[in-house]
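Enquirer: Quick one: the structure is below, questions incoming.
Every read-out reported here was derived from the displayed coordinates using simple, explicitly stated rules and does not represent laboratory data. Just so it is clear, the structure is predicted and the values come from calculations on it, not from any experiment. Cβ coordinates were reconstructed from backbone atoms using ideal geometry, including for glycine residues, and neighbour counts include every protein chain displayed.
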There are 2 protein chains.
Amino acid sequence: MSKLLIVGTVAFDAIETPFGKTDKILGGAATYIGLSATNFNVPSAIVSVVGNDFPKENIDMLAKRDINVSGLEIVKDGKTFFWSGRYHNDMNSRDTLETQLNVLENFSPVVPEAFKNAPVIMLGNLHPLVQLSVIEQMETRPKLIVLDTMNFWMDIALEDLKKTIAKVDVITINDEEARQLSGEYSLVKAARIIEKMGPKYVVIKKGEHGALLFHEDQMFFAPALPLEEVFDPTGAGDTFAGGFTGFLASTEDYSFKNMKKAIIHGSNLASFCVEKFGTERMEQLSKEEINNRLKMFKKLTQFEIDLA
Amino acid sequence: MSKLLIVGTVAFDAIETPFGKTDKILGGAATYIGLSATNFNVPSAIVSVVGNDFPKENIDMLAKRDINVSGLEIVKDGKTFFWSGRYHNDMNSRDTLETQLNVLENFSPVVPEAFKNAPVIMLGNLHPLVQLSVIEQMETRPKLIVLDTMNFWMDIALEDLKKTIAKVDVITINDEEARQLSGEYSLVKAARIIEKMGPKYVVIKKGEHGALLFHEDQMFFAPALPLEEVFDPTGAGDTFAGGFTGFLASTEDYSFKNMKKAIIHGSNLASFCVEKFGTERMEQLSKEEINNRLKMFKKLTQFEIDLA
């Protein structure tokens with residue numbers, strides 16, 4: 001049985017950074033989420049769509065990692081979603097050069113029977129109504145529904161987005177999006193407003209500045225690991241989400257305390273993702289590397305203190 | 001005997017934020033550093049200069065907190081240094097509206113005899129040669145010399161700055177300044193380059209995004225406490241430096257492990273500073289408030305994790 005149902009794009013990306021550029025390479029939210037979640041040995045399944053131009057090797061690569069791909073629709077006369085972008089020198093901002101929706105334009109996800117009782121769903125960034133349709137196809141209400149979204153949907157489909165986020169447990173967005181969605185500059189206030197929209201947990205991703213988890217009057221913060229070089233930030237947020245949900249699905253513990261660990265695991269995995277172009281680093285990751293870096297996270301953040 | 005010698009401006013500020021504006025109020029790096037350090041009951045002394053327009057109440061307020069003010073020169077026919085600035089809506093950036101150097105223009109600090117053997121010096125932001133002259137007046141080499149500086153001196157007095165930072169143990173600068181000083185975007189690389197310039201410890205202040213401590217191959221990170229409202233960021237960096245050095249001077253332990261605690265204490269005190277205009281909040285701070293917020297810092301950052 002699938003413990004983690006992942007919905008999101010499986011795509012081609014073409015990426016330019018100050019360090020170089022790629023041709024069309026494997027990308028997409030569901031791809032990064034899946035690759036990240038597999039590190040917790042949790043049976044997962046991807047619901048997505050590609051065109052007939054999508055290489056079988058890529059599908060095999062996912063399947064070999066115990067990601068069920070029976071929900072990955074292949075449109076015979078369609079082309080795979082394509083995004084191309086260029087990062088600025090600071091690596092924190094980027095311009096979209098081209099977006100070809102292709103098969104995504106008419107994507108209507110069908111959750112395979114075997115996954116309709118998955119305890120955890122990770123809804124990667126997609127039109128909110130597509131995300132909603134996945135929730136509505138579930139036979140039993142999942143224990144945990146996590147939704148990622150972006151400013152684009154706040155601009156063009158705010159009401160649909162609000163309808164969808166009313167039904168989720170956790171929302172992951174970046175700081176600017178949290179401000180846009182809430183109308184509040186302070187992230188503390190923004191999180192409180194967003195919690196009132198539905199999600200009991202709000203995760204605010206701040207890129208190189210780390211991530212915040214809010215729940216009622218509790219807060220937790222995980223830094224991004226300071227790196228010598230950020231090579232390509234593409235997929236870092238999705239890798240974070242994959243680590244977060246993969247860990248939670250594997251432990252079946254959805255408490256705040258366990259979510260703190262999940263945030264650390266997500267941040268840890270994201271720190272690898274940015275070290276190479278695309279999914280390259282995530283495809284080569286060893287348990288030992290992951291553990292070593294978890295130890296670095298501990299050293300980076302843990303302290304003892306006596307009260308004054 | 002003074003354990004902590006503080007050098008820096010004692011000044012008037014006029015501040016505009018989205019929440020309001022002030023007339024001329026008490027400000028200056030040494031003021032904030034001193035007010036912050038007093039929370040550790042460490043005997044300190046300020047070396048600075050003001051004009052005859054500086055109110056005796058302000059000097060009394062500092063003296064009442066066991067800050068020795070015998071090194072605070074009062075220039076009879078001079079006017080106190082004045083800075084006025086306006087913060088943007090994001091509170092992370094500001095425009096300087098006016099700077100009147102006044103008595104600072106010819107400031108030549110004289111370290112009183114009684115403080116020439118202070119074990120810790122905190123050199124607040126001033127012309128690097130003024131900072132250097134303080135170091136040179138010490139009879140015994142202090143156990144710890146901490147220097148704060150800013151991009152302005154990198155622009156107009158880089159060689160003097162380099163000469164001075166070659167003689168200090170810790171430098172505190174913000175992220176943009178670390179990048180400017182090192183020529184490296186990555187803060188990890190920047191810190192390594194700056195360490196080669198002299199300081200064995202590099203503290204990079206990232207404002208609302210926290211602070212990093214670097215030392216050889218060790219790193220530590222403290223977040224800024226996420227606040228509902230940042231009212232006035234003026235003095236936050238100096239308050240951080242005052243907490244950092246005040247704690248180190250009080251414990252007389254200059255190890256990396258203790259510096260981690262010092263970074264937390266500095267971040268903790270800075271979180272109060274920004275809650276009101278100017279020094280107002282720092283003048284009213286109770287031990288209980290400080291301890292409660294230290295507990296919040298622990299909750300915000302501490303986690304347990306099992307390796308994968």
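Enquirer: Rounded, prolate or oblate: which fits region B:1-94 when a ≥ b ≥ c are the square roots of the eigenvalues of the alpha-carbon gyration tensor, with rounded for a/c under 1.5 and prolate only if a/b beats b/c?
Expert: oblate
Enquirer: So the label point sits 7 Å from Cα along the Cα-to-Cβ vector; using that for B:Val188, what distances do you get to the other copies, in nanometres, sorted shortest first?
Expert: Listed shortest first, these distances are 3.2 nm.
Enquirer: Whole number please: convex hull volume per residue, Cα atoms of the protein assembly as shown, in Å³.
Expert: Dividing the Cα hull volume of the protein assembly as shown by its residue count gives 142 Å³.
Enquirer: Does chain B come out rounded, prolate or oblate by the C-alpha gyration tensor, with a ≥ b ≥ c the root eigenvalues, rounded set by a/c under 1.5 and, if not, prolate when a/b is larger than b/c and oblate if not?
Expert: Cα axes put chain B in the rounded bin.
Enquirer: Sticking with this structure for a sec: Considering every residue in B:209-222, what mean count of other chain Cβ atoms within 10 Å of its Cβ is obtained?
Expert: Mean partner shielding for this stretch: 3.
Enquirer: With +1 assigned to the C-beta of every Lys and Arg and -1 to the C-beta of every Asp and Glu, and no other charges, what is the dipole magnitude of region A:4-301 about the Cα centre in debye, to the nearest 20?
Expert: 880 debye
Enquirer: Whole angstrom only: what separates the Cα centroid of region B:95-136 from the Cα centroid of region B:226-297?
Expert: 22 Å
Enquirer: List the distances, in nm and shortest first, from the label point of B:Lys200 to the matching label points in every other copy, placing each point 7 Å from Cα along the Cα-to-Cβ direction.
Expert: When each copy's label point is compared with this one, the spacings are 5.0 nm.
Enquirer: If you put +1 on each Lys and Arg Cβ and -1 on each Asp and Glu Cβ, how big is the dipole of region A:11-100 around its Cα centre, in Debye rounded to 20?
Expert: With Lys and Arg at +1 and Asp and Glu at -1, about 120 debye.
Enquirer: Considering only DSSP beta bridges with both partners in the protein assembly as shown, what is the antiparallel share in %, to the nearest 5?
Expert: 40 percent
Enquirer: Please give the peptides A:121-129, A:228-236, B:266-274 ranked by average Cβ packing (other Cβ atoms within 10 Å per residue), highest first, as a rough proxy for protection.
Expert: B:266-274, A:121-129, A:228-236
Enquirer: Hey, another quick one. Taking each residue of B:294-301 in turn, how many C-beta atoms of other protein chains fall within 10 Å of its C-beta, and what is the average?
Expert: 5
Enquirer: Mean Kyte-Doolittle hydropathy of -1.0 or higher plus an axial Cα length of 15 Å or more: which whole DSSP H helices in chain B meet both?
Expert: B:236-251, B:256-273
Enquirer: Nearest-5 percent of antiparallel DSSP beta bridges in region B:4-301?
Expert: Taking every DSSP beta bridge within region B:4-301, about 40 percent pair in antiparallel fashion.
Enquirer: Could you give the dipole magnitude of region A:102-188 about its Cα centre, charging the beta-carbon of Lys and Arg +1 and that of Asp and Glu -1, in debye to the nearest 20?
Expert: 340 debye
Enquirer: Still on this structure, please answer the following. Describe numerically, in nm with one decimal, the distance between label points set 7 Å from Cα along Cα→Cβ at A:Asp90 and at A:Met197.
Expert: Simple spin-label model gives 2.4 nm for this pair.
Enquirer: Hey, another quick one. Given the rotation relating B and A, tell me which residue in B puts its Cβ closest to the axis and the distance in Å.
Expert: B:His209, 2
Enquirer: Please compute the average number of Cβ atoms from other chains found within 10 Å of each residue's Cβ in peptide A:184-190.
Expert: Shielding by partners across A:184-190 averages 4.
Enquirer: Something else: Would you work out the relative contact order for chain B, in percent, from Cα pairs under 8 angstrom that are 6 or more residues apart?
Expert: Relative contact order, chain B: 17 percent.
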